Amino acid sequence: MKLPTTTYLVGSVAFRMNNTLKSPVACDVEQLGWNVYDPGPANGAILVERIRTFGARVVDLEINTQRLLLGAKIFSLPSDDVANSFQKMVSAIVQENNNLIRSHGDVSVIIVYSSTEEGGWQSIAHLAPIPFQKLKGWYTNGTFLYSSEIKVPNSEFMPTYFKHRSRLHYWLADRSVQSNSPEGLAILETTDGTIADTSVANIVLVTKQGEWLTPSTRNAIHGTTLQRACRLLRETGVKVDSAEFKKEDIFEASEVLLLGTTGCIWNATQLDDLPLGATTNATKTKWLQSLWADWVGIDVVQQAMTQPTKPK
């Protein structure tokens, strides 16, 4: 079976590893899969980490590793094995596919973990293309957000502090808003109307008083890009506070930033077809983008803008 090139990079090498393998084993991407009786496919018990490359290299894995280990604890997977294999898998897949990554202008690295039916663990790694054409629109015009009737799961039912493959609520929410805008994103709320996040990014508000706010992690996923950006901001003396806020607070904000692995940092310019932000040039967004570019060593906005219209 030939997999669609929109999902997997043609010619890319994937890797697999488990509790009996000491090093990652290269394989064709079409050979990746699970035993249907394992907890992953049977119960959706799959951990996931998505990292993107910058100039065909991975900048920092510390935050991703720590988040992965939170999930490993919940899934009763051995922390040392998970941490060591994660580092090895990322290194192997980036090194083996380095020339291909450079030719595609960087990629996403996706690594998933699950238990096995026999009580062990397994992991697979593959590459996915970055949707540079979509990013061009986000960087140029901002993202249009829309409310959805789909709510974020209660944190007591579905913990938000680690990343797992149970993303049905995100998918359904985005599907529900596509009639308004094919490129729009759903903004997810809790049952009491408190803002959580979107399927691809955490939300950060810059208030008219200059405060930086992000939704409480009780409701939103612990985004790795958000955590790294907060670290960069703290180094400049800016503090990002965690708070619970609602839709009306978004309309009152001076800027609405979106922070996610694929697009890194950009802004939202509409919510339910109404304009967002008291400023038109998004100075705080551009400033944080410049801090990010200095840190990763590449201007991701400029990179997206210079990519060809059709992927290679």
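Would you confirm whether or not the stretch 214-226 contains a residue that is surrounded by fewer than 21 Cβ atoms within 10 Å (Cβ to Cβ), on the phi < 0 side of the Ramachandran plot, in contact with a strand residue (DSSP E or B) (Cβ under 6 Å, 6 or more places away or on another chain) and assigned to a loop (DSSP other than H, G, I, E, B)?
Looking for residues that are surrounded by fewer than 21 Cβ atoms within 10 Å (Cβ to Cβ), on the phi < 0 side of the Ramachandran plot, in contact with a strand residue (DSSP E or B) (Cβ under 6 Å, 6 or more places away or on another chain) and assigned to a loop (DSSP other than H, G, I, E, B), one finds at least one in the stretch 214-226, hence yes.
Of the residues THR261, THR279, which single one is of a type in the set (Val, Ile, Thr) and modelled with pLDDT of 95 or more?
None of the others qualify; the one that does is THR261.
I want to confirm something. Restricting to the stretch 297-312 and keeping residues that are of a type in the set (Val, Ile, Thr) and more than 24 Å from THR198 (Cα to Cα), which single residue is modelled with the highest pLDDT?
Among those residues, the one meeting the criterion is ILE298.
Quick check on the stretch 201-208. Is at least one of its residues at negative phi, in contact with a helix residue (DSSP H, G or I) (Cβ under 6 Å, 6 or more places away or on another chain) and not in a loop (DSSP other than H, G, I, E, B)? Give the steps one after another, and end with the answer.
At the first step, the residues of the stretch 201-208 found to be at negative phi are 201-208.
The next check asks that each one be in contact with a helix residue (DSSP H, G or I) (Cβ under 6 Å, 6 or more places away or on another chain); those that pass are 202, 206.
With the extra rule that they be not in a loop (DSSP other than H, G, I, E, B), the set shrinks to 202, 206.
Yes: one or more hits.
Evaluate the following for TYR146: is it among the hydroxyl-bearing types (Ser, Thr, Tyr) and at pLDDT below 95?
no
Looking at the stretch 22-34, which of the residues that are out of contact with any helix residue (DSSP H, G or I) (no Cβ under 6 Å at 6 or more places or on another chain) and at pLDDT 90 or above is nearest to ILE93 (Cα to Cα)? Give the steps one after another, and end with the answer.
First, pick out the residues of the stretch 22-34 that are out of contact with any helix residue (DSSP H, G or I) (no Cβ under 6 Å at 6 or more places or on another chain): 22-23, 25-33.
Pick out the ones that are also at pLDDT 90 or above and you get 22-23, 25-27.
On the way: LYS22: 16, SER23: 12, VAL25: 10, ALA26: 8, CYS27: 11 Å.
Among residues in the stretch 22-34 that are out of contact with any helix residue (DSSP H, G or I) (no Cβ under 6 Å at 6 or more places or on another chain) and at pLDDT 90 or above, the one nearest to ILE93 (Cα to Cα) is ALA26.
Looking only at residues in the stretch 149-171 that are of a type in the set (A, V, I, L, M) and outside any loop (DSSP other than H, G, I, E, B), which one is modelled with the highest pLDDT?
Per the criteria, the residue is ILE150.
So which of SER254, SER216, SER242 ends up being polar (S, T, N, Q) and either modelled with pLDDT of 95 or more or over 20 Å from the mean Cα position of the chain (by Cα) (or both)? Lay out the reasoning, then the answer.
Working: SER216 fails: either modelled with pLDDT of 95 or more or over 20 Å from the mean Cα position of the chain (by Cα) (or both); SER242 fails: either modelled with pLDDT of 95 or more or over 20 Å from the mean Cα position of the chain (by Cα) (or both).
Only one candidate passes the filter, namely SER254.
Evaluate the following for LYS284: is it out of contact with any Pro (no Cβ under 7 Å at 6 or more places or on another chain), surrounded by fewer than 18 Cβ atoms within 10 Å (Cβ to Cβ) and either closer than 27 Å to SER216 by Cβ or assigned by TED's automatic domain parsing to the domain that holds TRP138 (or both)?
In short, no.
For the stretch 1-104, which fully contained helices (runs of 4 or more DSSP H) count at least 1 residues that are within 17 Å of the chain's Cα centre (by Cα) and loosely packed, with under 13 Cβ neighbours inside 10 Å? Before the answer, list the steps.
Details: elements: 39-43, 62-74, 79-96, 98-103.
Here the list reads 62-74.
Determine whether THR262 is in contact with a Ser or Thr (Cβ under 7 Å, 6 or more places away or on another chain), surrounded by fewer than 21 Cβ atoms within 10 Å (Cβ to Cβ) and within 21 Å of GLY105 (Cβ to Cβ). If you could, list the steps in order and put the result at the bottom.
Numbers: in contact with a Ser or Thr (Cβ under 7 Å, 6 or more places away or on another chain): yes; surrounded by fewer than 21 Cβ atoms within 10 Å (Cβ to Cβ): yes; within 21 Å of GLY105 (Cβ to Cβ): yes.
When the stated conditions are applied, THR262 passes them.
Among the residues in the stretch 113-128, are any assigned to a loop (DSSP other than H, G, I, E, B), in the same structural domain as LYS247 (by TED's automatic domain parsing) and more than 14 Å from the chain's Cα centre (by Cα)?
Going through the stretch 113-128, the residues assigned to a loop (DSSP other than H, G, I, E, B) turn out to be 116-120.
If we keep only those that are in the same structural domain as LYS247 (by TED's automatic domain parsing) as well, we get none.
Among the residues of the stretch 113-128, not one is assigned to a loop (DSSP other than H, G, I, E, B), in the same structural domain as LYS247 (by TED's automatic domain parsing) and more than 14 Å from the chain's Cα centre (by Cα), which makes the answer no.
I'd like to check something: does the stretch 154-165 contain any residue that is within 29 Å of PHE75 (Cα to Cα), outside the structural domain of ARG52 (by TED's automatic domain parsing), free of Cβ contacts under 8 Å to residues at least 60 places away in the same chain and surrounded by 14 or more Cβ atoms within 10 Å (Cβ to Cβ)?
No - not one qualifying residue is present in the stretch 154-165.
Tell me which residues, restricted to the stretch 234-277, are without any contact (Cβ under 8 Å) to a residue 24 or more places away in the chain and either assigned to a helix (DSSP H, G or I) or in contact with a Phe, Trp or Tyr (Cβ under 8 Å, 6 or more places away or on another chain) (or both).
Within the stretch 234-277, ARG234, GLU235, GLU248, LEU274 qualify.
The values are calculated or read from the model by the stated rules, or taken from the named source; none is laboratory data. Computed from a predicted model, the values in this text were never measured in an experiment. Note that each Cβ is placed from the backbone with ideal geometry, even for glycine, and that neighbours are counted across all protein chains shown.
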